[in-house]
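The next block holds one structure in the form of C-alpha cells; read it before the comments.
Laboratory data are not the source of any read-out in this text; all were calculated from the coordinates shown. All of these numbers come straight from a predicted model, not from anything done at the bench. Methodologically, a virtual Cβ is constructed for each residue, glycine included, from the backbone with ideal geometry; neighbour enumeration extends over all protein chains shown.
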Amino acid sequence: MTTLFIADLHLEAAHPARTVLLLEFLRQQARSAEALYILGDLFEAWIGDDDDADPGRTVATALRALREYGVPVFFLHGNRDFLLGDRFASAAGVQLLPESVIINLAGEPVLLLHGDTLCTDDRDYQAFRAQVRTPAWQAQLLALPLTQRRILAAQLRESSRQATGQKAADIMDVNPTEVERVMRWHGVSRLIHGHTHRPAIHDWSLDGQPARRAVLGDWREDQGSVLCCDESDWRLEPLARSRG
Ligand code: LP5
Ligand code: MN
C-alpha cells in the first residue's frame, strides 16, 4: 500500500483550479492510499475555523468523504494555516498532528515537519513565527471580528511579500546543519517536509548511514505534486487535472 504526502497547495478562492485539482485527487488517487498526510499550507491563509467561506467548506467536505471511504487523513500546520483548529479538523475528519511527528513508514521511523523550522538562517521569519505561535497572540487574534482578521492577514501577506523579495534565496532554504541536528535529535534517517517549494529527494550519508530527505512540491493552477511512499520506493509525482 502507498502512503501519500502533499503540502503547499495554497488554496484560495481567487484560484479555484487548484481546489478542483485537489478534489479530483481526493476522489481518485487518494482513495487507494493507506493514508494521506497534508504537511501544511493547505490554505493560502487560514484566519480561523469560524470562517466557513470557500474553499475551506468544500475542502472539508471532500476530506471527510475520503475519511469515510476509509482513508485516514492527517494534517500538520504550515506557516499559512497555523490557526486551523479542532472545529475544521472534526468537520473534515482529519487528525491534527503536532508540529513535528515521527511515523512508521514500511517499518522505518520517518520525521514529518512543515519545513519552516529548518530555515534557521531566516532569523526575521523565526522571530515572527515565535510570536504568532504563542497561544496568547492567537487568542487575541481569534477574538477579532472576521472582517478585521481578513484585513490583518492581507497586511501580513503584503509585509511577507516585501520581506521575502529582499531576502537571498539561500536564506529561505533549509539550513543543512539544522536538518542534520534535527534528524539526529529525533534519531531518524528519513525526513519529509514542504515549505521551500523546492521538490526533490535528497540522499546522502549522515554519520555513516544512508539518509533521505524528501521535499514536497507546491501546487499551481494546472499541476499538483504528491510524494508516494511504499515498501520499495519514494516517488515525487506531478499531478495534472484529468481532461474533459
Ligand atoms: O508565506 P511566504 O511564502 O510569503 O513567506 C514565508 C514567511 N512569511 C510568513 C508570513 C505569512 O506569509 C503571513 C500570512 C499568514 C496568513 C495566516 C495568518 C493570519 C493571522 C492573522 C489573522 C487572524 O510566514 C517568510 C519567510 C518565507 O516563508 C521563507 O521561509 O521568509 O517570512 C517573512 O516574510 C517574515 C518577515 O521576515 C518578518 C515579519 C514581517 C511581518 C511584520 C508584521 C507587520 C504587521 C503588519 C500587520 C499589522
Ligand atoms: Mn510554508
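Helix content alone sets the calculated 222 nm mean residue ellipticity of the chain: runs of n ≥ 4 DSSP H residues at -39500 (n - 2.57) each, divided across all residues, give -10500 deg cm²/dmol.
Would you mind working out the magnitude of the charge dipole of the chain relative to its Cα centre, with +1 at each Lys and Arg C-beta and -1 at each Asp and Glu C-beta, to the nearest 20 Debye?
Using only the charged Cβ atoms, the result is roughly 280 debye.
From least to most packed, judged by other beta carbons within 10 angstrom and beginning with the fewest, Ser160, Ser225 follow the order Ser160, Ser225. Taken over the alpha carbons of the stretch 85-230 as equal point scatterers, the Debye sum produces base-10 log I(q)/I(0) values at 0.09, 0.15, 0.17 Å⁻¹ of -0.36, -1.00, -1.23. Ranking of Phe82, Phe88, Phe25 by neighbouring Cβ atoms within 10 Å, starting from the fewest: Phe82, Phe25, Phe88. Residues whose amide H comes within less than 5 Å of that of Glu34, counting only those at least five positions distant or on another chain, are Thr2, Thr3, Leu4 (H built at 1.01 Å from N in the peptide plane).
Taking the charge dipole of the chain about its Cα centre, with +1 at Lys and Arg Cβ atoms and -1 at Asp and Glu Cβ atoms, the residue from Gln166, Leu83, Pro199 reaching farthest to the positive side is Leu83. Residues whose amide H lies under 5 Å from that of Leu206, counting only those 5 or more places away or on a different chain, are Ala211; hydrogens are built 1.01 Å from N in the peptide plane.
Computed on the Cα trace of the chain, the radius of gyration divided by the Kirkwood hydrodynamic radius gives Rg/Rh = 0.95.
Counting only the backbone N, which residues of the stretch 180-217 are under 16 Å from the spot 7 Å out from the Cα of Ala163 toward its beta-carbon? Answer for this model: 196. Going by neighbour counts of Cβ atoms within 10 Å, the residues Tyr125, Tyr69, Tyr37 line up, fewest first, as Tyr69, Tyr125, Tyr37.
How high is the FRET efficiency from Ala139 to Arg27, r the C-beta distance, R0 35 Å, rounded to 0.05? Mind showing how you got there, number by number?
Numbers: r = 37 Å, r/R0 = 1.05.
Once the sixth-power term is evaluated, E becomes 0.40.
3J(HN,Hα) along the stretch 56-66, derived from phi through the Karplus expression 6.51 cos²θ - 1.76 cosθ + 1.60 where θ = phi - 60°, amounts to x, 5, 4, 5, 4, 5, 5, 5, 4, 4, 5 Hz, with x in place of Gly and Pro. If R₀ is 35 angstrom, what is the calculated FRET efficiency for the pair Glu221 and Trp185, using the beta carbon separation as r and rounding to 0.05? Computed FRET efficiency for Glu221 and Trp185: 0.35.
So how much slack lies between Arg150 and Ser232, counting 0.36 nm per residue of separation and subtracting their Cα-Cα distance, in nm?
Working: separation 82, 0.36 × 82 = 29.52 nm, distance 4.49 nm.
Here the segment from Arg150 to Ser232 would lengthen by 25.0 nm.
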